[in-house]
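These notes are about the structure you will find just below.
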Amino acid sequence: MKDVTKNACHLCAPLGASLVYKGIKNCVTILHGSQGCATYIRRYMIGHYREPVDIASSSFTEHTAVFGGQENLLKSIENVIQTYDPDIIGIATTCLSETIGDDISMIIKEYQKRNMERTRPVILYTSTPSYRGTHVTGFFKTIHDVVTQTSKQAVTNAGQINIFNGLFSPAEIRVIRTIVSDFSLFPVIFPDYSDTLDGGSWNQYHPVPPGGTSLKKLSSCGNSAASIDFSFCQKDELSAGMFLKEKFDIPCFKNAYPIGIELCDNFFKTLSTLSQKPVPEIYTQQRERLIDAYVDSHKYLYGQKAVVFGEENLVYSICTFLAETGINVVCAATGGPAGSISGLKLNDYFNQTSILEDCDYEDIEEWVIHNETDILIGSSRGNKIAKLSGKPLIRCGFPIHDRIGASRQEFLGYNGTHNLFDQITNTIIERMQNSMPANYATM
Amino acid sequence: MSNNKKITTEEVKEEILAKYPPKVARKRDKSFVINEPGSGQEIQANIRTVPGIITQRGCTYAGCKGVVLGPTRDIVNITHGPIGCGFYSWLTRRNQTLPEKESDENYMAYCFSTDMQDENIVFGGEKKLREAIQEAYDLFHPKAIAIFSTCPVGLIGDDVHAVSREMKEKFGDCNVFGFSCEGYRGVSQSAGHHIANNQIFKHVVGTDDTIKTTKKFRINLLGEYNIGGDAFELERIFERLGVELVATYSGNSTIDSFANSHTADLNLVMCHRSINYMAEMMQTKYGIPWMKVNFIGAKATAKSLRKMALYFEDPALSAEVEKLITEELPLVEKEVAEIKKRTAGKTAMLFVGGSRAHHYQELFKELDMRIIAAGYEFAHRDDYEGRDVLPNVKVDADSRNIEELKVEKDSSRYKERASEKKLEELKKSNPEFQNYIGMMPEMESGTLVIDDISHYESEILIKKYQPDIFCAGIKEKYAIQKSGVPLKQLHSYDYGGPYAGFKGAVNFYKEIDRMVNTKIWSLIAPPWKKDPEIDAQYISA
Ligand code: SF4
Ligand code: SF4
């Protein structure tokens with residue numbers, strides 16, 4: 001680890017937790033610590049999703065910081081109940097409460113002791129110190145912790161499967177739901193912020209935006225026939241699916257984000273096995289169209305040099321997809337920890353990919369300046385590199401603060417891949433066109 | 001809307017408070033005032049937000065690193081802490097900067113952090129901090145490095161000041177200083193402003209005595225952060241007037257300009273909340289008088305310029321000011337006359353900042369719009385009621401937590417700019433000379449003034465009053481707009497601006513015209529269209 005991090009390529013853990021809690025129905029998040037963390041995280045999520053994001057804080061004072069946060073947390077639970085009346089309160093810790101060593105499970109016990117008569121809200125919690133993880137680990141850990149706290153097992157429901165999402169966009173969550181349903185499976189999708197972070201205008205007031213996985217659904221996770229878990233690059237201890245496997249013996253398929261033919265095939269194969277149904281024709285057609293597009297565009301893409309950066313799971317999947325198109329990923333970079341992508345088989349696809357892990361944007365910038373690159377693919381924080389190097393940046397992942405439509409970005413599945421593919425191809429064609437002396441109207 | 005059930009402002013307030021537990025309701029009650037100018041009303045402000053109530057406020061660190069120090073381009077700012085705090089304050093405030101030469105130092109695009117890990121929390125982070133400072137120094141050889149503490153740092157007891165001193169001595173040619181601006185230290189950003197003022201005053205101001213201009217009039221502009229290019233418009237105006245802007249705190253600024261800023265003869269204060277400490281300390285130590293100004297609003301700009309000219313008592317300068325006003329104001333008035341036809345009578349609410357909720361009322365008045373409610377996010381009582389209340393403001397544990405520097409006359413650098421007699425006269429002719437009269441006296445009677453409005457409260461206000469526009473920040477924007485009310489961001493300006501000065505005023509008129517008159521809102525069927533409860537005309541009529 002370097003001494004000074006310059007323009008980090010990862011965010012902090014409670015942001016991941018807040019995102020997961022936004023995917024639970026009628027849930028309000030409390031970050032346990034000083035109010036700045038909650039405000040910053042709200043600001044950051046709102047900038048990306050352009051939707052309301054309400055996160056409460058237990059608002060530490062100096063006194064709390066020294067003597068512990070129990071009373072503040074109890075007070076904040078009470079006030080959130082009074083003003084929002086949620087079904088669920090999701091608590092995540094911050095670096096401050098972790099440094100003090102507040103024990104949230106004890107505080108919740110104390111709350112329950114003081115409020116024996118109350119049946120709701122249900123209080124969930126997760127521990128997310130950022131000095132021990134990133135927004136990505138915070139995200140998966142929260143999924144894991146919520147599932148460990150809510151899932152019960154009664155009777156196996158043969159048609160029901162759990163889908164534990166990765167850091168998908170709201171539109172992508174909708175796509176996943178459609179795909180799974182098209183196999184006549186009943187998915188429990190978690191987290192599901194497809195409505196809460198991509199809602200319409202309101203003709204009725206909503207203290208908490210509508211949408212999200214309900215508590216009932218969450219507790220039925222233990223009845224599912226299988227889990228598909230997208231925490232592909234994460235350790236098993238952060239996987240909700242692996243937890244259910246251990247605890248209830250529910251088979252778990254750890255899938256990479258389905259981008260590109262190979263990774264989509266894996267996902268569809270899993271669904272086909274679980275449903276014992278062939279892949280529906282609309283998807284085989286989508287697949288064929290995608291391959292057809294690969295063929296048509298190969299002349300533009302072959303040998304183009306791409307630098308891909310961002311969250312480890314996304315980077316891995318995008319690289320795997322690019323390998324199919326003839327694009328050469330010359331550098332794959334992530335702010336995720338060492339080993340998060342280097343352990344995967346990226347170098348089987350490409351001759352020589354520089355793999356940067358636990359890196360910051362300055363490392364990526366350095367790399368881009370000293371090596372040949374044609375295109376950048378990553379979050380909007382790469383805009384400095386794009387500007388400096390004059391290379392186009394395809395925005396994907398989190399955050400996207402300088403373009404609209406982050407919530408509707410859809411890169412998963414065959415069709416989603418096709419969206420991404422067309423964007424990349426057209427960007428490359430445009431560059432070629434602009435660099436030609438003659439004014440070609442046909443490319 | 002004559003068939004509306006009419007409820008009074010008093011009833012709205014009651015309804016809002018009814019949802020809170022009794023203790024919280026009692027507390028919020030004191031921050032909720034139905035304005036009666038001249039009646040000596042008190043408002044509770046700068047008090048801790050109740051845990052669990054979703055606030056607009058940020059933390060002390062945000063006020064220190066983000067607001068005050070963020071816009072200075074040539075200090076390497078290192079956040080000492082885990083990654084989030086630094087990341088979230090990375091280039092999000094849209095303060096612009098324009099180095100004179102391309103080769104000039106400019107670190108604005110960077111976000112340096114020690115990105116503390118487990119072992120730093122357990123065994124202390126000073127070693128990592130030291131190495132980070134060294135690395136930054138080796139990389140850039142900057143003039144200055146500033147260290148900002150985040151919450152965990154305060155707890156584990158890292159001494160950022162000692163490390164800074166040590167590194168400063170070691171380098172010899174680089175000013176290194178630290179800020180104990182842990183997020184929990186104060187009630188809001190405001191505590192961070194104070195801490196930033198203190199440290200800049202201690203470590204930078206007065207370290208360079210050279211007068212770098214031949215211009216006769218030298219001023220500093222305090223509390224102008226160049227959001228959306230505001231400072232550029234003001235620089236243009238002062239340039240035209242032949243007035244030297246020694247330093248702006250801190251839009252488009254450099255550390256050298258701070259070092260030199262004690263050579264100015266007048267401090268103009270824009271955002272009183274964030275920078276009044278600096279104005280006061282510079283007065284005591286160097287003898288520079290200050291006056292409150294407002295460059296938001298064309299007429300307000302003209303008025304402020306005239307006040308400045310009055311202070312310098314120079315006919316040539318006064319003539320220049322008048323010339324500028326006669327040249328620029330009519331153009332602005334021509335624009336506003338046309339736009340006013342579409343904005344007159346519309347209503348606005350402003351819940352933002354520590355001065356903007358007041359300053360921007362000017363622009364709305366120029367558009368003939370009515371302010372029906374306003375409040376600050378992190379201001380103190382004097383920003384509402386005027387500085388006269390200062391002796392009566394209770395000093396609580398949170399305020400005591402922030403160091404008050406003991407400042408004395410600098411024996412060699414103190415210079416009397418104006419005689420006692422002249423100062424007295426100026427005070428008489430200009431109520432805002434060394435004074436701020438606050439927001440409440442300038443608001444109509446019957447309007448609502450709410451400090452630290454919560455997310456829940458603002459939604460109820462929207463529902464009850466259906467204002468034509470709501471001004472706040474990005475955190476409120478999408479919630480408010482879901483209900484069909486446009487929200488103008490007055491932190492980041494919605495990526496527009498400048499709005500200061502004459503040119504800025506025109507930009508703002510156009511922007512508000514666009515926002516309140518677009519057809520888009522008619523596509524949304526907001527809840528009150530179905531069930532109207534209050535006629536906004538009712539209040540303050
Ligand atoms: S203290 Fe931790 S949780 Fe809070 S913003 Fe900083 S990194 Fe994130
Ligand atoms: S940890 Fe403290 S300094 Fe950092 S964002 Fe949170 S409140 Fe602010």
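Go through region B:151-174 and give me each residue that's within 16 Å of ligand 2 (Cβ to nearest atom), within 14 Å of chain A (Cβ to nearest Cβ) and in contact with a strand residue (DSSP E or B) (Cβ under 8 Å, 6 or more places away or on another chain).
Residues of region B:151-174 that are within 16 Å of ligand 2 (Cβ to nearest atom), as a first pass: B:151-158, B:160.
Filter once more, so that each one left must be within 14 Å of chain A (Cβ to nearest Cβ): B:151-158.
Correct list: B:Val153, B:Asp158.
How many residues are farther than 15 Å from A:Lys25 by Cα and surrounded by fewer than 20 Cβ atoms within 10 Å (Cβ to Cβ) if we restrict to region A:176-197?
Narrowing region A:176-197 to residues farther than 15 Å from A:Lys25 by Cα: A:176-187.
If we keep only those that are surrounded by fewer than 20 Cβ atoms within 10 Å (Cβ to Cβ) as well, we get A:177-178, A:181-182, A:184, A:186.
The qualifying residues number 6.
Do we have any residue at all in region B:27-36 that's within 14 Å of another protein chain (Cβ to nearest Cβ), touching a helix residue (DSSP H, G or I) at 6+ places or on another chain (Cβ under 7 Å) and open to solvent by less than 50 Å² (accessible area, probe 1.4 Å)?
First pass over region B:27-36, keeping only residues within 14 Å of another protein chain (Cβ to nearest Cβ): B:27-28.
Narrowing the set further to residues that are touching a helix residue (DSSP H, G or I) at 6+ places or on another chain (Cβ under 7 Å) leaves B:28.
Those still in the list that are open to solvent by less than 50 Å² (accessible area, probe 1.4 Å) too: B:28.
Yes, some residue in region B:27-36 is within 14 Å of another protein chain (Cβ to nearest Cβ), touching a helix residue (DSSP H, G or I) at 6+ places or on another chain (Cβ under 7 Å) and open to solvent by less than 50 Å² (accessible area, probe 1.4 Å).
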Exercise for the section: Could you please let me know if A:Asp145 is outside the structural domain of A:Leu218 (by TED's automatic domain parsing) and buried (at least 21 other Cβ atoms within 10 Å of the Cβ)? Expected result: yes
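Suppose we filter A:Gly159, A:Gly200 for residues that are surrounded by fewer than 16 Cβ atoms within 10 Å (Cβ to Cβ), among the small types (Gly, Ala, Ser) and within 14 Å of chain B (Cβ to nearest Cβ); which single one remains? Quick ask: steps written out before the conclusion?
Numbers: A:Gly159 fails: within 14 Å of chain B (Cβ to nearest Cβ).
Unique residue meeting the criteria: A:Gly200.
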Practice task
Mind listing whichever residues of region A:24-37 are on the phi < 0 side of the Ramachandran plot and near ligand 2 (Cβ under 8 Å from one of its atoms)?
Solution key: A:Ser34, A:Gln35, A:Gly36, A:Cys37
Problem - Every pair of residues 6+ apart whose Cβ atoms lie under 7 Å, when the first sits in region B:458-486 and is modelled with pLDDT of 90 or more and among the aromatic types (Phe, Trp, Tyr) while the second is open to solvent by 10 Å² or more (accessible area, probe 1.4 Å) and not in a helix (DSSP H, G or I) - result: B:Tyr478/A:Arg50; B:Tyr478/A:Glu51
Problem - Filter result for B:Asn392 (at pLDDT below 95 and closer than 20 Å to B:Gly38 by Cα) - result: yes
Practice task
Within region A:16-40, work out how many residues are facing another protein chain (nearest Cβ under 7 Å) and in contact with a His (Cβ under 9 Å, 6 or more places away or on another chain).
Solution key: 0
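Residues checked against (1) in contact with a strand residue (DSSP E or B) (Cβ under 8 Å, 6 or more places away or on another chain); (2) surrounded by fewer than 24 Cβ atoms within 10 Å (Cβ to Cβ); (3) assigned by TED's automatic domain parsing to the domain that holds A:Pro207:
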{"site": "A:Lys25", "(1), (2), (3)": "yes, yes, no"}
{"site": "A:Thr39", "(1), (2), (3)": "yes, no, no"}
{"site": "A:Tyr44", "(1), (2), (3)": "no, no, no"}
{"site": "A:Arg50", "(1), (2), (3)": "no, yes, no"}
{"site": "A:Phe67", "(1), (2), (3)": "no, yes, no"}
{"site": "A:Leu73", "(1), (2), (3)": "yes, no, no"}
{"site": "A:Asp85", "(1), (2), (3)": "no, yes, no"}
{"site": "A:Glu110", "(1), (2), (3)": "no, yes, no"}
{"site": "A:Asn115", "(1), (2), (3)": "no, yes, no"}
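Mind listing whichever residues of region B:91-120 are of a type in the set (A, V, I, L, M, F, W, C) and buried (at least 22 other Cβ atoms within 10 Å of the Cβ)?
Hits for region B:91-120 are B:Cys111, B:Phe112, B:Met116.
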Fill in the blank from the handout: Of the residues in region B:76-119 that are farther than 22 Å from B:Ser492 by Cβ and of a type in the set (A, V, I, L, M), the one that is farthest from the other protein chains (Cβ to nearest Cβ) is B:Val76
Practice task
Scan region B:178-198 residue by residue and report those that are closer than 18 Å to B:Glu404 by Cβ, more than 9 Å from chain A (Cβ to nearest Cβ) and either buried (at least 24 other Cβ atoms within 10 Å of the Cβ) or within 16 Å of ligand 1 (Cβ to nearest atom) (or both).
Solution key: B:Phe179, B:Ser180, B:Cys181, B:Ser190, B:Ala191, B:Gly192, B:His193, B:His194, B:Ile195, B:Ala196, B:Asn197
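The values are calculated or read from the model by the stated rules, or taken from the named source; none is laboratory data. Treat the numbers as computed from the prediction; the structure is a model and nothing was measured. Backbone-built Cβ (ideal geometry, glycine too); neighbour counts: all protein chains shown. Just so you know, the surface numbers come from the protein's heavy atoms only, side chains and all, with ligands and any DNA or RNA stripped out. Shrake-Rupley method; radii C 1.70, N 1.55, O 1.52, S 1.80 Å.
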